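**Student:** My questions will all concern the structure given below.
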Ligand code: GAR
């Protein structure tokens, strides 16, 4: 049984989807041992409390990045977290934090990376006029929205849609993609070659060509 630690700053819909899939067994052999936020009023924390999970607040305001990260890592260690999942955690991790959990920190981003890193990715994609949009779950490295990609989901941008409907349709895919990525990482049937995550043969699905 592996322990997941969720870090979030806001609404928490990705966390909620992960929690649902842990409860149903869709995410296998895992439990959520900590839900941690840098914002006391994050909606995701209220959901965690309702679900009876270990909800932790470590305010970031007024703290140096690494000072805050040291407190967060101490709390994750106390909860014996094996895999850290950033789910709308709106803080850049310090290199020190990244080194504490090598290849064991995941992030979800609402664009097909490397397009549109940073804030308001869905709005950036809509304004650019792309025809295909989507989301990415990737390992966290020391650069923003950058590490090896685990899962991507793509959708068509509809002419009749707007920024809001596009963001909502991407979010639906996020809720599917994150659990898939967690299962892949927990199963461990992959290797990282350069910046590529390559599935090893045992994990390959589907009919042979
Ligand atoms: C999600 O769309 C997630 O992809 C995005 O924040 C939102 C959080 O929603 N993350 C980033 O933009 C990270 N660069 P949620 O709180 O409902 O899961």
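Every read-out reported here was derived from the displayed coordinates using simple, explicitly stated rules and does not represent laboratory data. Remember, it's a predicted structure, so these values are computed and weren't measured experimentally. A quick note on method: Cβ atoms are made from the backbone with ideal geometry, for glycine too, and the neighbour counts reach across all protein chains shown.
**Student:** Identify which of 92, 171, 36 has the largest mean-square fluctuation in a Gaussian network model of the chain, with springs joining Cα atoms closer than 10 Å.
**Tutor:** 92
**Student:** Please find the FRET efficiency linking residue 61 to residue 24, where r is the Cβ-Cβ separation and R0 is fixed at 30 Å, and quote it to the nearest 0.05.
**Tutor:** On the way: r = 36 Å, r/R0 = 1.21.
That gives a FRET efficiency of 0.25.
**Student:** In what sequence do 27, 149 fall when counting other Cβ within 10 Å, fewest first?
**Tutor:** Details: 27 23, 149 18.
The most exposed by this proxy come first: 149, 27.
**Student:** Report, in deg cm²/dmol and to the nearest 500, the calculated mean residue ellipticity at 222 nm for the chain, where each DSSP H run with n ≥ 4 adds -39500 (n - 2.57) and the sum is divided by the residue count. Before the final figure, lay out each step's value.
**Tutor:** Details: 6 runs with 73 residues, N = 209.
Counting only the DSSP helices, I get -11000 deg cm²/dmol.
**Student:** A follow-up question, please. Subtract the Cα-Cα distance of residue 156 and residue 198 from 0.36 nm times their separation in residues, and report this length gain in nm to one decimal.
**Tutor:** On the way: separation 42, 0.36 × 42 = 15.12 nm, distance 2.61 nm.
Using 0.36 nm per residue and subtracting the Cα-Cα distance, I get 12.5 nm.
**Student:** Something else about it: Peptides 150-163, 109-122: what's the order by average Cβ count within 10 Å, highest mean first? Don't skip to the answer; put the middle values down first.
**Tutor:** Values: 150-163: 14.2, 109-122: 17.8.
So the order, starting with the most tightly packed, is 109-122, 150-163.
**Student:** Also, I was wondering about something else. How large is log10 I(q)/I(0) at q = 0.19, 0.20 Å⁻¹ when the Debye formula is applied to the Cα atoms of region 54-193, each weighted equally and without solvent?
**Tutor:** -1.13, -1.20
**Student:** GNM, the chain, Cα, under 10 Å: largest mean-square fluctuation among 167, 40, 127?
**Tutor:** 127
**Student:** Follow-up question, since we're still on this one. Suppose the chain between residue 103 and residue 132 were pulled fully straight at 0.36 nm per residue; how much longer would it get relative to their current alpha carbon spacing? Walk me through the numbers on the way to the answer.
**Tutor:** Values: separation 29, 0.36 × 29 = 10.44 nm, distance 2.86 nm.
My answer for the length gained is 7.6 nm.
**Student:** Something else about it: Would you work out the Kirkwood radius for region 28-99? I mean one over the mean of 1/r across all pairs of different Cα atoms, in Å. The partial results should precede the final answer.
**Tutor:** Values: mean 1/r = 0.0779 Å⁻¹.
After inverting the mean inverse Cα-Cα distance, the result is 12.8 Å.
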